[in-house]
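Worksheet: one structure, shown below.
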Amino acid sequence: MTTERSTAGQTRATRSLMGALAFSLLSATGLSGAAAQEDTIKVGVLHSLSGTMAISETTLKDTVLYLIDEQNKKGGVLGKKLEAVVVDPASDWPLFAEKARELIEKEKVSVVFGCWTSVSRKSVLPVFKELNSILFYPVQYEGEESERNVFYTGAAPNQQAIPAVDYLAAEEGVERWVLAGTDYVYPRTTNKILEAYLLAKGVAPEDIMINYTPFGHSDWQTIVADIKKFGSAGKKTAVVSTINGDANVPFYKELGNQGIKAEDIPVVAFSVGEEELAGLDTAPLVGHLAAWNYFQSVDAEVNATFIEGWQAYTKNDKRVTNDPMEAHYIGFNMWVKAVEAAGSVEPDMVIDSLIGVSVPNLSGGYSAMMPNHHITKPVLIGEIQADGQFEIVSQTAGLVVGDEWSDYLEGSKDLIADWRKPLSCGNFNVVTGKCGG
Amino acid sequence: MRALTVLVTALWLMLSAALAPTAAAATAIADPDLSRLVNQLAEGGFDEVEAAIGALVATGDDRVSSILDKLGSGDLFVRKADRVVVLTEAAGRELKLTDPVTGADLGMVPKAAVEKIRVNNRLRRTVAAAIGTLTLRSDDPAVRRSAAEAVMKSKDASAIPALDAAIAAEPDEGVKGVMIAARATAVMASDLPEADKLAAVETIGDLGTRDALAMLTSYTGLEGPVGEAARKAATSIESGLLLWDAAQNISYGISLGSVLLLAAIGLAITFGVMGVINMAHGEMVMIGAYTTFVVQEIIRTSAPGLFDYSLLIALPLAFLVSGGIGVLIERSVIRWLYGRPLETLLATWGVSLILQQAVRTIFGAQNREVGNPSWMSGSFMVGELSITWSRLWIIVFSLVVFAGLMLVLKRTTFGLQTRAVTQNRSMASAMGIRTPWVDAFTFGLGSGIAGIAGVALSQIGNVSPNLGQGYIIDSFMVVVFGGVGNLWGTLVGAMTLGIANKLMEPYAGAVLGKILLLVFIILFIQKRPRGLFALKGRAIEA
C-alpha cells in the first residue's frame, strides 16, 4: 500500500521534477497520519531492501505484499483489510532491532514477517520478547533455538541437511565428504551437526574435510583444486555446501571452469535456489544438487496457481519462485487461519492458536505448526538443469518435523521445546526435567 | 540389480568379443524387440532404469548408443497415454514426436502429453560408461578417446575383452595409450591373477597424473605385492606432483594478482596520483560489469551471432560510461573537497551508496547473468598444471591495461599535464595548465579504467549491486602496499599480495590467510609508511 500511494502521487505531479519531489516528500510524511485510520490490520515486513542481503530479501518483501494483496481480494481478515508496513533494515544487524521496535511500538503491527540471516534474527529477538509480538522467520537455519514469539517456517537442519547427506550416501555411494561453508553461525553449526552425524554413521574422520571461506569470497581456485585433490583418493566424494549468497556464483563458475562435473564430484547446496541460479549459466552445472522443501518445478496444481499469480503480480513472466517464498506462503496462511480461529490479533491469543494449525503447502500436501514452533515439511532433493530449474530426484515419503534441538550435538540432544501450556518452555531438558528458561 | 546389469553387460561383451570381433552389428535385433527394451527406460525408479540400460547394451545394436546418449542428456521423453518412449522437437506450441528406434514420425502433441525421463548423476555415469564400451570401435578417434576415458572412469572389469579387441585394432598411438590405461584400471577391478595386476599398477604409475594417483590410492591399502607396488607407484607420482602443485599455486597467485591489479589500477590513479580517497571506486567497477550485462542483453535479443565479441564491444562502452560518471562525480562533488580527505571519504562513500541503490532500482537486487564467450570457457592442461581460459585472458588483459595506462601517462600531453599537476599544482597552473580540467579528466580516466576492469571481473564473479564492495578494500590494500602514486608499485604490490595469499591459503585456510595478510601489511606499513615504491617529490614532502 505504501508503495502504491507514493507512485500515484508521483504520477500526478510529473510537471516538474521539483514538484514531484516535494509531493512524494509530503505524501511520505503524510502517510503515517493517513494510515492511522482504524479498520485495517497492520502487517510488518522487515526485510533488507538495500545492502548485501537485498539480493535475497527483496523478493521476500514482494512475496508478503503479494500474499496481502491476495488476502485483501478475499476480503481481508476478521472483516478488516490488511495493510503492509514495509521498513528497510538495510542489511545492518543493529538496525534490524531498531526497525522491529519501530514496527511494533510506533506502527502497532500485529505480526512481522522478516529477517534472513541468523544474526538479524538474534538481533530482533529481545525486541519481540520485550514487546510481546510475533515474528515469522522464513529461512532455513541452524536450529538450536525455539522462542515463544518466533515461528520458524524455514527448514531446521534435519529437514534439509541430513536428508541430503542420506541421499548422497545411498544413491551415489558417497564415502568422502567435503563440508564447505561461509564462515558464520549457520554453516558452522550445520557442519558441526553433519560432522557428528557422519561420524555416527561410521565415516572415518580423515574422510571429512571442512573448509570455511569469508563472506563474498571470490577467488575459489585453490579451494576447488583442493576439493579435486581430496576427491582423488579413490573413494566417491561429494561436497556439502553451506556457501552463502554472493560467493556461490564464482564458486560454481570455478567448478565449471576446472571441469568438475556432477558425475565426478557432486555438490549439494543448502543456500542455492532458483533465484541464485538466475545469475548463472547453468549448462556446466547440470547434475549438481540442492536440498530444499520446495522447488519451482514441483508438479502440483497449487504450485502452478501460485506461480501464475506471482508472475502476474510482479508483471514479469520470468520471475522465479523459491523455498523461502514458500515458507512465507505457509507462514502467512497459518497466521491468517490462527487469527480467524482466535477471533483477535492479540499476540498471546494468536501464539496459542497457531500451534496445531495446518495449511496447504506448495508441494501438494499440508504443513502443520508444531508445539516447538517449527513446521512439518517434505524434503526434496533436486538436480540443477540447463534451464536454471531443478529436477526433483528424491522426495521424502512423508513429512519431516522440524527438530529445533539437534539430536547429534552434545548439550542439545536432551532438550525439547513445547510451547503448549502448562510446559511452555523452549529448552526443556528431558533428563533433568527442568526448563532452561 | 546393479550386479545383474554388470553380469549382463559382461556376458554380452564376452560373446561379442569372442564370436564377432569385427562384426559391427548394425541391427542386431528386430525393431519391435528393441522398442520394447527402450520403453523399459520409462518404467520404475532409478534402479529399474539402470537395469533397462544394461539390457539395451546387451543387444549390441548400433542404435543403442545414440538412444542412450539422448537419455543421458535428458532428451528422451515418454508419452503419458501409452508409456511409449519418444524423442521430441519443439514445433510452435506443440511438440513433434519421433520414434527413437525407427525414426518414424509419431505426430504432434501438446507439451503436457509427454514427460521427461528423469536421470540422476548415477544414471548419467552408467550411460557414459555404457556408451564408452559401445563406441570404443567408432570411426572417429576423438569419440574413441572419450569412450576409453569413460571406461577408465567406470573401473568395470567386464570391459576388458572389449578393450583388448579395441587396443588390437587401434591405429592412433595416443588413443591406444588411453585404452591401455583404461584396461589397467579394469584389470585392477577384476579378479585376474596377481601378475596381471602388477603390470597394471606399473601402467597406471607410468601415467604420473593426478587421475592415476586417484586410481592407485584405492589399492594402497591392500596386502601383498600388489598393495606394495601400488604404494610405491603412488609415492613416486606424489613426489612428481609436488613440484606441479607449487607451480599451480603460483599460477593461482598470479591470477589473483591480476584480478587485484585490475581492481586497483584505477584507484592507483584516483587515490594514488590525485590523492582522493575514493570510496566509490568499487561502484565504478560494478557499473562496468553492468554495462557488459546490458551489451550482452542487447546482443542476445538482436544479434546473437555477435555474442563471442560482446566483451570487446563492452570494453569501450564501459570505459565511457564509468569514465563519464567519474567526471560527473568529480565536477559535482569532489572538486569542492580537494585537500579535505575526511570529507572526501564521507562524500564518496555516500556517492557509492547512491550508485548501488540506483543500480538496484534499475536492474533489481538479484544477480544478473553475464555469459562467458566460448573463448573464455573451460580449461587446458600444461603437464599437470590446469589453467582456465578465463583466468589466462584476465592476466593478459590486466597487463595490457597496465601497459596502456603507462603509455598514456608517460607518452601523451595529457599524461604529462597530469604528472605536472600531481607533482606541483601551483607551478603547473602557472605554466598555463588548466588544473581543474586535468583533475576532472584524470578522475574520469581512473574511473574508466575501473569500468573496463568491471568487464573482466564480470567473467569470474557476481554481477550484483554489491560487486564493488568486495574489491574496494583489496584495492586500497594494493595501492597502499605498493606505494601511493606509483603504478609500478601497484603492479608489484598486486602480484606480491596475490601470490602470498595463494601460497598461504593451502596451509592457513582462506579466512586465516586473509587475516595473516592484513597483519603482514600493517607491520609492513609500520616499517615503510609509503609502501614498496615511495614516490619522491615536493608535493609528497609538503
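The values are calculated or read from the model by the stated rules, or taken from the named source; none is laboratory data. On a predicted model such as this, the values are computed, not experimentally measured, just so you know. Note that we place each Cβ from the backbone using ideal geometry, even for glycine, and neighbour counts take in every protein chain shown.
Mind counting the residues in region A:227-265 that are under 20 Å from A:THR182 (Cα atoms) and either within 7 Å of chain B (Cβ to nearest Cβ) or part of a loop (DSSP other than H, G, I, E, B) (or both)? Number of matching residues: 7. Only residues that are surrounded by 19 or more Cβ atoms within 10 Å (Cβ to Cβ), without any contact (Cβ under 8 Å) to a residue 40 or more places away in the chain and in contact with a Cys (Cβ under 8 Å, 6 or more places away or on another chain) were counted across region A:403-426, and they come to 1. Within region A:311-334, if we keep just the residues that are touching a helix residue (DSSP H, G or I) at 6+ places or on another chain (Cβ under 7 Å) and more than 24 Å from A:PHE270 (Cα to Cα), the residue that is surrounded by the fewest Cβ atoms within 10 Å (Cβ to Cβ) turns out to be A:ASP317.
Figure legend. Inter-residue proximity from region A:135-149: first residues touching a residue at least 12 places away in the same chain (Cβ under 8 Å) and closer than 18 Å to A:THR189 by Cα, second residues among the charged types (D, E, K, R) and in a loop (DSSP other than H, G, I, E, B), beta-carbon distance below 8 Å, spacing 6+ or different chains. Indicated pairs: A:GLY143/A:ASP403; A:GLY143/A:GLU404; A:GLU144/A:GLU404; A:GLU145/A:GLU404; A:SER146/A:GLU404. Checking every residue in region B:202-221 against the condition of being over 30 Å from B:TYR507 (Cα atoms), buried (at least 21 other Cβ atoms within 10 Å of the Cβ) and acidic (Asp, Glu) gives zero matches. Would you please name the residue that is surrounded by the fewest Cβ atoms within 10 Å (Cβ to Cβ), looking only at residues in region B:459-489 that are without any contact (Cβ under 8 Å) to a residue 60 or more places away in the chain and within 13 Å of chain A (Cβ to nearest Cβ)? Per the criteria, the residue is B:ILE473.
Table: residues versus (1) among the β-branched types (Val, Ile, Thr); (2) assigned to a helix (DSSP H, G or I); (3) in the same structural domain as B:THR435 (by TED's automatic domain parsing).
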{"residue": "B:THR301", "(1), (2), (3)": "yes, yes, yes"}
{"residue": "B:PHE319", "(1), (2), (3)": "no, yes, yes"}
{"residue": "B:GLU330", "(1), (2), (3)": "no, yes, yes"}
{"residue": "B:LEU342", "(1), (2), (3)": "no, yes, yes"}
{"residue": "B:LEU346", "(1), (2), (3)": "no, yes, yes"}
{"residue": "B:GLY350", "(1), (2), (3)": "no, yes, yes"}
{"residue": "B:ILE354", "(1), (2), (3)": "yes, yes, yes"}
{"residue": "B:ASN367", "(1), (2), (3)": "no, no, yes"}
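Residues in region B:425-443: is at least one out of contact with any strand residue (DSSP E or B) (no Cβ under 9 Å at 6 or more places or on another chain) and crowded, with 24+ Cβ neighbours inside 10 Å? Yes, that holds for at least one residue. Of all the criteria given as (1) within 13 Å of chain A (Cβ to nearest Cβ); (2) part of a strand (DSSP E or B), the one not satisfied by B:ARG118 is (2). If you go through region B:342-383 and pick out every residue that is more than 21 Å from B:PHE293 (Cβ to Cβ), facing chain A (nearest Cβ under 7 Å) and buried (at least 18 other Cβ atoms within 10 Å of the Cβ), you end up with 0.
When region A:358-379 is limited to residues that are among the aliphatic types (A, V, I, L, M) and farther than 24 Å from A:GLU144 by Cβ, the one that is surrounded by the fewest Cβ atoms within 10 Å (Cβ to Cβ) turns out to be A:VAL359. Using the structure shown, decide if A:SER146 is part of a helix (DSSP H, G or I) and not aromatic (Phe, Trp, Tyr). No. Comparison of B:SER390, B:SER310, B:SER322, B:SER386 shows that the only residue that is touching a helix residue (DSSP H, G or I) at 6+ places or on another chain (Cβ under 6 Å), within 12 Å of chain A (Cβ to nearest Cβ) and of a type in the set (Ser, Thr, Tyr) is B:SER390.
So that you can scan it fast, the table gives a plain yes or no per residue for (1) β-branched (Val, Ile, Thr); (2) under 31 Å from the mean Cα position of the chain (by Cα):
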position	(1), (2)
B:ASP172	no, yes
B:VAL175	yes, yes
B:MET179	no, yes
B:LEU192	no, no
B:ALA195	no, no
B:GLY208	no, yes
B:ASP211	no, yes
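For region A:206-220, taking the residues that are in contact with an Asp or Glu (Cβ under 9 Å, 6 or more places away or on another chain) and modelled with pLDDT of 90 or more, the one that is farthest from the other protein chains (Cβ to nearest Cβ) is identified as A:ILE208. Among the residues of region B:194-224, those that are of a type in the set (A, V, I, L, M, F, W, C), without any contact (Cβ under 8 Å) to a residue 24 or more places away in the chain and away from chain A (no Cβ under 13 Å) comprise B:ALA195, B:ALA199, B:ALA200.
Within region A:229-249, the residues that satisfy the criterion of being surrounded by fewer than 22 Cβ atoms within 10 Å (Cβ to Cβ) and either hydrophobic (A, V, I, L, M, F, W, C) or within 16 Å of B:ALA510 (Cβ to Cβ) (or both) are A:LYS229, A:PHE230, A:ALA233.
Among the residues of region A:340-357, those that are farther than 15 Å from A:ASN149 by Cα and assigned to a helix (DSSP H, G or I) comprise A:GLU340, A:ALA341, A:ALA342. Would you mind stating whether B:VAL492 is more than 14 Å from chain A (Cβ to nearest Cβ), part of a helix (DSSP H, G or I), at pLDDT 85 or above and loosely packed, with under 14 Cβ neighbours inside 10 Å? In short, no.
Among the numbered conditions (1) within 30 Å of B:ALA234 (Cβ to Cβ); (2) more than 10 Å from chain B (Cβ to nearest Cβ); (3) part of a loop (DSSP other than H, G, I, E, B); (4) touching a Leu at 6+ places or on another chain (Cβ under 9 Å), the only one that A:PHE295 does not meet is (1). Only residues that are in a helix (DSSP H, G or I) and either free of Cβ contacts under 8 Å to residues at least 40 places away in the same chain or closer than 19 Å to A:GLU326 by Cβ (or both) were counted in region A:64-105, giving 18. Can you tell me which residue within region B:231-266, out of those that are among the small types (Gly, Ala, Ser), away from chain A (no Cβ under 14 Å) and buried (at least 19 other Cβ atoms within 10 Å of the Cβ), is farthest from B:ALA510 (Cα to Cα)? Step by step, filter region B:231-266, then rank; the result is B:GLY266. So is A:LEU289 on the phi < 0 side of the Ramachandran plot, within 11 Å of chain B (Cβ to nearest Cβ) and at pLDDT below 85 or not? Spelling it out, it is not the case that A:LEU289 is on the phi < 0 side of the Ramachandran plot, within 11 Å of chain B (Cβ to nearest Cβ) and at pLDDT below 85. For B:ILE269, the test of being of a type in the set (Val, Ile, Thr), over 21 Å from the mean Cα position of the chain (by Cα) and crowded, with 23+ Cβ neighbours inside 10 Å is passed.
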